[in-house]
Amino acid sequence: EAQVTQNPRYLITVTGKKLTVTCSQNMNHEYMSWYRQDPGLGLRQIYYSMNVEVTDKGDVPEGYKVSRKEKRNFPLILESPSPNQTSLYFCASSLYEADEQYFGPGTRLTVT
Amino acid sequence: GIQVEQSPPDLILQEGANSTLRCNFSDSVNNLQWFHQNPWGQLINLFYIPSGTKQNGRLSATTVATERYSLLYISSSQTTDSGVYFCAVEVNNNDMRFGAGTRLTVKP
């Protein structure tokens, strides 16, 4: 089944404790991206990647890192999480950048 | 940057009613998608529709790119249609911009 998977789905952590949210797609898509969703602000793009080893900042990249060492995986890294990063995070992929996007199930992160 | 406006912000329907959701955008876009976020937070891809009309069951969408708007039609609404509907557009720098969404509540 073609899908985008994210793990974990739920995470509660403390300020400053490094964490990684994994994202994987099995559709051989070149383009992947991360979004966060916050009440009143909608969905905003954090980082995107047009291909392996090619990543770029979206709207709100501060406090996040990404890597794209393999086509299928695009992990989101929070080196030192802070409470303002409490949010619902979505990973998405598409065959190319200007193409239909498919979203993962979301990761609800709480930083205390 | 590009502005994406959705209307109405909230919509309450009785089961069986029809509705039209609108998405206006302020500049030319490479693509446009409609998503449904269900009450559990899951984002579901409804339509990829940079132009023209598409239909999928009770849902259909039309994008008039030259006039910078898109419409999502929901016919014979069901309680499972409840949630938030987002329009998202892609601009030239590979950035996707989302509208604020329309929150739909379908009552039995």
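Per the conditions (1) out of contact with any Leu (no Cβ under 8 Å at 6 or more places or on another chain); (2) closer than 13 Å to B:Met96 by Cα; (3) without any contact (Cβ under 8 Å) to a residue 60 or more places away in the chain, the sole criterion not satisfied by A:Ser33 is (3). Of the residues making up region B:55-95, those that are in a strand (DSSP E or B) and touching a residue at least 12 places away in the same chain (Cβ under 8 Å) number 20.
Which members of region B:96-108 meet the condition of being outside any loop (DSSP other than H, G, I, E, B) and buried (at least 20 other Cβ atoms within 10 Å of the Cβ)? Break it down stepwise before answering.
The initial filter retains those residues of region B:96-108 that are outside any loop (DSSP other than H, G, I, E, B), namely B:96-98, B:102-107.
Listed by number, the residues that qualify are B:Met96, B:Arg97, B:Phe98, B:Thr102, B:Leu104, B:Val106.
When restricted to residues that are in contact (Cβ under 8 Å) with a residue 60 or more places away in the chain, farther than 13 Å from B:Ala61 by Cβ and either surrounded by 15 or more Cβ atoms within 10 Å (Cβ to Cβ) or not β-branched (Val, Ile, Thr) (or both), region B:10-25 contains 8.
Hey, can you tell me all the residues within region B:56-77 that are under 24 Å from B:Thr105 (Cβ atoms), loosely packed, with under 13 Cβ neighbours inside 10 Å and not hydroxyl-bearing (Ser, Thr, Tyr)? B:Asn56, B:Gly57 - these are the residues of region B:56-77 that are under 24 Å from B:Thr105 (Cβ atoms), loosely packed, with under 13 Cβ neighbours inside 10 Å and not hydroxyl-bearing (Ser, Thr, Tyr).
Residue by residue, here is whether (1) among the basic types (Lys, Arg); (2) more than 20 Å from B:Val4 (Cβ to Cβ); (3) free of Cβ contacts under 8 Å to residues at least 40 places away in the same chain holds:
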{"position": "A:Pro39", "(1), (2), (3)": "no, no, yes"}
{"position": "A:Met50", "(1), (2), (3)": "no, yes, no"}
{"position": "A:Glu62", "(1), (2), (3)": "no, yes, yes"}
{"position": "A:Phe74", "(1), (2), (3)": "no, yes, no"}
{"position": "A:Ile77", "(1), (2), (3)": "no, yes, no"}
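Within region B:64-81, the set of residues being farther than 16 Å from A:Gln101 by Cβ and either within 14 Å of chain A (Cβ to nearest Cβ) or under 13 Å from the mean Cα position of the chain (by Cα) (or both) comprises B:Ala65, B:Tyr69, B:Leu71, B:Leu72, B:Tyr73, B:Ile74, B:Asp81.
When restricted to residues that are assigned to a strand (DSSP E or B) and facing another protein chain (nearest Cβ under 8 Å), region A:50-65 contains 2.
Yes/no matrix, rows are residues, columns are (1) exposed (fewer than 15 other Cβ atoms within 10 Å of the Cβ); (2) within 11 Å of another protein chain (Cβ to nearest Cβ); (3) in contact with a strand residue (DSSP E or B) (Cβ under 7 Å, 6 or more places away or on another chain); (4) part of a strand (DSSP E or B):
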| position | (1), (2), (3), (4) |
| --- | --- |
| A:Tyr48 | no, yes, yes, yes |
| A:Pro81 | no, no, yes, no |
| A:Phe90 | no, yes, yes, yes |
| A:Glu97 | no, yes, yes, no |
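For region B:13-33, a residue qualifies if it is within 15 Å of B:Asp81 (Cβ to Cβ) and either part of a loop (DSSP other than H, G, I, E, B) or within 11 Å of chain A (Cβ to nearest Cβ) (or both), and the qualifying residues are B:Glu15, B:Gly16, B:Ala17, B:Asn18.
For region A:99-112, the candidate set comprises residues that are touching a residue at least 40 places away in the same chain (Cβ under 8 Å), within 11 Å of chain B (Cβ to nearest Cβ) and assigned to a loop (DSSP other than H, G, I, E, B); within that set, the residue that is farthest from A:Gly42 (Cα to Cα) is A:Asp99. Of all the criteria given as (1) touching a residue at least 40 places away in the same chain (Cβ under 8 Å); (2) within 11 Å of another protein chain (Cβ to nearest Cβ), the one not satisfied by B:Pro50 is (1). Looking only at residues in region A:54-79 that are of a type in the set (Asp, Glu) and surrounded by 14 or more Cβ atoms within 10 Å (Cβ to Cβ), the one that is modelled with the highest pLDDT is A:Asp56.
The values are calculated or read from the model by the stated rules, or taken from the named source; none is laboratory data. Note that the structure is predicted; figures quoted are calculated from it, not measured. Note that each Cβ is placed from the backbone with ideal geometry, even for glycine, and that neighbours are counted across all protein chains shown.
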